[in-house]
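The values are calculated or read from the model by the stated rules, or taken from the named source; none is laboratory data. Since the model is a prediction, treat every value here as computed from it, not as a measurement. Note that each Cβ is placed from the backbone with ideal geometry, even for glycine, and that neighbours are counted across all protein chains shown.
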Ligand code: WTA
């Protein structure tokens with residue numbers, strides 16, 4: 001398949017913060033002289049005590065450790081708020097759009113946000129919360145979630161956000177793992193017109209997490225909730241009477257900032273720990289360079305604060321950079337599939353950053369939902385969270401961005417803190433689907449199965465050879481697990497868990513998690529590649545491909561396919577798709593099984609649960625493992641009931 005390349009538009013090359021020559025020069029410096037490079041970049045923050053040491057890191061067992069700016073001190077909340085008050089106190093910091101388009105939006109200035117954060121921080125202090133204490137946040141996408149994060153950072157408490165779609169069991173596990181004594185929640189959340197009983201979930205969770213002493217409850221929908229004396233505090237009542245001033249705590253650069261639980265390939269979710277100095281420098285720098293961000297531009301990252309993308313690009317990155325950040329409570333297709341683009345018009349959003357999963361869902365509904373909005377304010381688009389197939393990329397580029405806006409496809413992980421490989425809009429000619437180039441300070445390597453370094457155009461396991469400031473520092477409460485998970489597969493390297501290809505031009509292409517790579521007749525293939533081919537078919541909305549045992553080929557290809565709304569899947573379509581994939585990629589990619597399904601099993605954050613698809617494909621359906629994070633468990637029952645006979 002010939003690969004389209006979109007050169008950097010002339011106006012971007014001329015006006016962007018970073019053009020190609022500058023990228024090359026800065027990248028060189030960042031790896032040749034990391035201390036010098038990061039000493040400069042760290043100037044973007046106000047430090048209380050300047051650091052003298054910059055990089056003290058080793059990925060080797062004998063002297064393993066990751067410290068950045070280790071003897072400096074600062075406060076992240078003061079960096080996000082206080083230092084902007086003189087210049088942009090009246091600028092809107094947060095633009096909030098409620099679930100329903102009928103509800104009033106909210107505009108919160110830096111001055112107002114500062115005051116709310118201080119009052120809430122004082123409330124936390126009055127409940128005995130101090131430096132190093134853990135606070136679990138279980139809130140919907142409302143400005144108070146950002147207030148809570150910034151208040152924790154202000155007093156040095158470690159926040160642990162649990163996505164408001166998680167069940168009481170999942171919440172309880174996360175509260176207990178980090179021993180939170182305080183939980184912040186709301187009466188209810190709202191998504192797509194449906195109420196989510198957050199307070200009731202907290203009550204249920206606390207039956208299993210008896211250590212919690214304080215629950216602060218935001219009255220969001222006004223639903224009736226039972227408040228327990230001594231334990232529960234009404235948010236508004238609690239902050240009333242608190243002082244609007246709150247001295248920020250002096251935090252060491254390596255003092256913990258937040259814990260965020262994330263699923264690994266084994267065991268229970270890991271509490272990924274990020275610390276204050278390195279994460280802040282990384283969040284600010286990547287937000288500025290990746291999005292070519294200038295203070296005051298309207299920036300919308302459509303992620304939930306329950307995920308790392310929401311931490312870094314809804315809250316910390318934009319606020320560190322004096323930005324105006326959009327927070328949206330709802331979902332892309334409620335009340336109709338125009339919702340995203342209506343919000344873009346309403347707030348005159350300049351930069352939109354979203355997930356391929358949402359784009360594919362909207363693409364399936366047809367172009368007219370996009371076309372009826374203006375989107376003239378948009379200048380840049382971003383993608384994150386999973387490989388974006390070229391068809392979705394092209395749709396995003398042509399239909400949403402009207403071939404006017406570059407797309408930055410940012411590859412990163414909860415563990416990496418912020419964008420780790422990505423194109424830069426003024427520097428990188430775009431190849432649809434490529435994560436392109438490493439961010440400053442990131443040294444990606446591709447290794448073969450024996451751990452040998454692959455040079456030039458190649459495909460292998462993606463590892464990172466050296467530390468960068470935004471890297472996670474440990475797994476909460478289990479430093480050994482941190483080392484084992486990430487630094488022992490390939491000794492001396494950080495193992496990402498992703499497969500990756502580097503092309504002749506040095507572009508990196510993420511092929512998906514390593515365990516998604518399949519080997520058919522000795523040919524290594526990214527399942528993403530086959531999915532992408534399937535999705536490129538006009539009748540296909542979404543596809544997921546996994547390996548299945550095959551007596552002759554080693555592994556065969558099992559494809560789950562969701563067709564577009566108006567298409568009735570039948571045998572003729574099955575044959576058509578097999579033929580299609582053979583012509584798109586080649587006979588080695590011929591699907592052995594195609595199972596049509598009205599939906600794919602996804603987590604509440606929209607990630608396809610491939611583990612389950614693999615089990616079904618392998619006909620190992622006795623034990624599907626943990627299905628508690630599924631958004632809709634009924635999807636799995638349907639898949640099991642309709643699994644085709646495979647000989
Ligand atoms: C995948 C989300 C391809 C990848 C920020 C990674 C991507 C995992 C991309 C981390 C991308 C994320 N292209 N794959 N642009 N972004 N991934 O921790 O497999 O929720 O390892 O962090 O998502 O997911 P996480």
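Listed values, structure above:
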| read-out | value |
| --- | --- |
| Criterion: part of a helix (DSSP H, G or I), more than 13 Å from the ligand (Cβ to nearest atom) and under 23 Å from residue 310 (Cβ atoms) - qualifying residue of 358, 392 | 358 |
| Residue count for segment 395-420, restricted to those that are within 13 Å of the ligand (Cβ to nearest atom) and in a loop (DSSP other than H, G, I, E, B) | 6 |
| Whichever residue in segment 361-389 is touching a strand residue (DSSP E or B) at 6+ places or on another chain (Cβ under 6 Å) and closer than 20 Å to residue 564 by Cβ and, among such residues, is nearest to the ligand (Cβ to nearest atom) | 388 |
| Qualifying positions in segment 298-320 - part of a loop (DSSP other than H, G, I, E, B) and in contact (Cβ under 8 Å) with a residue 60 or more places away in the chain | 303, 304, 305, 306, 307 |
| Hits in segment 421-431 (condition: near the ligand (Cβ under 9 Å from one of its atoms) and either over 23 Å from residue 394 (Cα atoms) or in a loop (DSSP other than H, G, I, E, B) (or both)) | 422 |
| Which listed residue is in the same structural domain as residue 144 (by the TED database), at pLDDT 95 or above and out of contact with any strand residue (DSSP E or B) (no Cβ under 6 Å at 6 or more places or on another chain), from 207, 172, 186, 219 | 219 |
| 2 or more residues modelled with pLDDT of 80 or more and crowded, with 19+ Cβ neighbours inside 10 Å: qualifying strands (runs of 3 or more DSSP E) within segment 511-596 | 540-550, 554-563, 593-596 |
| For residue 179: the one exception among (1) at pLDDT 95 or above; (2) part of a loop (DSSP other than H, G, I, E, B); (3) over 19 Å from residue 134 (Cα atoms) | (3) |
| Residue tally, condition buried (at least 24 other Cβ atoms within 10 Å of the Cβ) and either closer than 22 Å to residue 107 by Cα or within 13 Å of the ligand (Cβ to nearest atom) (or both), over segment 283-301 | 7 |
| Inter-residue pairs, beta-carbon under 6 Å, first on the phi > 0 side of the Ramachandran plot and in segment 383-403, second within 15 Å of the ligand (Cβ to nearest atom) and part of a loop (DSSP other than H, G, I, E, B), 6+ apart | 385/355 |
| Residue tally, condition more than 12 Å from residue 432 (Cα to Cα) and part of a loop (DSSP other than H, G, I, E, B), over segment 364-389 | 12 |
| Segment 218-235, residues that are within 12 Å of residue 182 (Cβ to Cβ) and either assigned to a strand (DSSP E or B) or free of Cβ contacts under 8 Å to residues at least 12 places away in the same chain (or both) | 232, 233 |
| Residue in segment 260-274 that is at pLDDT 95 or above and over 30 Å from residue 318 (Cα atoms) present | no |
| Residue count, segment 222-233 (criterion: in contact with a strand residue (DSSP E or B) (Cβ under 7 Å, 6 or more places away or on another chain) and farther than 29 Å from residue 330 by Cβ) | 1 |
| Flag if residue 312 is under 27 Å from residue 76 (Cα atoms), at pLDDT 95 or above and more than 16 Å from the ligand (Cβ to nearest atom) | no |
| Selection status of residue 495, away from the ligand (no atom under 16 Å from the Cβ) and not in a loop (DSSP other than H, G, I, E, B) | no |
| Single condition residue 92 does not satisfy, out of (1) farther than 24 Å from residue 302 by Cβ; (2) touching a strand residue (DSSP E or B) at 6+ places or on another chain (Cβ under 8 Å) | (1) |
| Scan of segment 222-263 for residues that are within 30 Å of residue 195 (Cα to Cα) and not assigned by the TED database to the domain that holds residue 113, ordered by number | 258, 259, 260, 261, 262, 263 |
| Failed item in (1) crowded, with 24+ Cβ neighbours inside 10 Å; (2) over 21 Å from residue 379 (Cβ atoms); (3) away from the ligand (no atom under 14 Å from the Cβ), with residue 454 passing the rest | (1) |
| Any hit, segment 435-444, residues being within 9 Å of the ligand (Cβ to nearest atom) and in a strand (DSSP E or B) | no |
